[in-house]
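See below for the structure under consideration.
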Amino acid sequence: MNYKFQYKNTAFELFKLSFFFLYSSLAGIVNIIFTFAMIALISSRWHEVNNFLRAILVFAVLFFVLFQPFMMYNRARGNVNTLKELTLELGEKKE
């Protein structure tokens with residue numbers, strides 16, 4: 001009995017893969033530490049700073065929480081067109 005599987009990666013699967021590799025690397029760990037540090041800074045100094053600094057602090061947190069994953073997904077969506085469809089065949093070979 002022969003089995004044939006055809007598979008093509010989607011943009012979301014490429015995004016999940018790149019997201020996993022980013023956040024399991026040193027750069028991802030630094031991103032997580034920076035995000036928590038920015039949240040701690042915002043919560044401790046929110047009432048002391050002016051509106052311009054508040055906007056900068058919120059933007060810095062949103063960059064790592066929202067904007068960076070969004071940019072990674074757009075990059076994956078652009079790369080999905082360059083991938084080929086994979087074919088896997090299992091079973092006896094007919095001669």
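Listing for the model above:
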| quantity | calculated |
| --- | --- |
| Considering residues of the range 40-71 that are closer than 24 Å to S18 by Cβ and in contact with a helix residue (DSSP H, G or I) (Cβ under 7 Å, 6 or more places away or on another chain) only, the residue modelled with the lowest pLDDT | F64 |
| Conditions (1) touching a residue at least 24 places away in the same chain (Cβ under 8 Å); (2) within 29 Å of A27 (Cα to Cα); (3) surrounded by fewer than 10 Cβ atoms within 10 Å (Cβ to Cβ): number failed by Y73 | (3) |
| Conditions (1) assigned to a helix (DSSP H, G or I); (2) of a type in the set (A, V, I, L, M, F, W, C); (3) at pLDDT below 90; (4) loosely packed, with under 14 Cβ neighbours inside 10 Å; number of the one not met by L88 | (1) |
| Meets criteria (of a type in the set (K, R), touching a residue at least 24 places away in the same chain (Cβ under 8 Å) and in contact with a strand residue (DSSP E or B) (Cβ under 6 Å, 6 or more places away or on another chain)) for K8 | no |
| The range 23-36 - residue that is hydrophobic (A, V, I, L, M, F, W, C) and closer than 12 Å to F64 by Cα and, of those, surrounded by the most Cβ atoms within 10 Å (Cβ to Cβ) | F34 |
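The values are calculated or read from the model by the stated rules, or taken from the named source; none is laboratory data. Keep in mind the model is a prediction, meaning the values are calculated, not measured. Methodologically, a virtual Cβ is constructed for each residue, glycine included, from the backbone with ideal geometry; neighbour enumeration extends over all protein chains shown.
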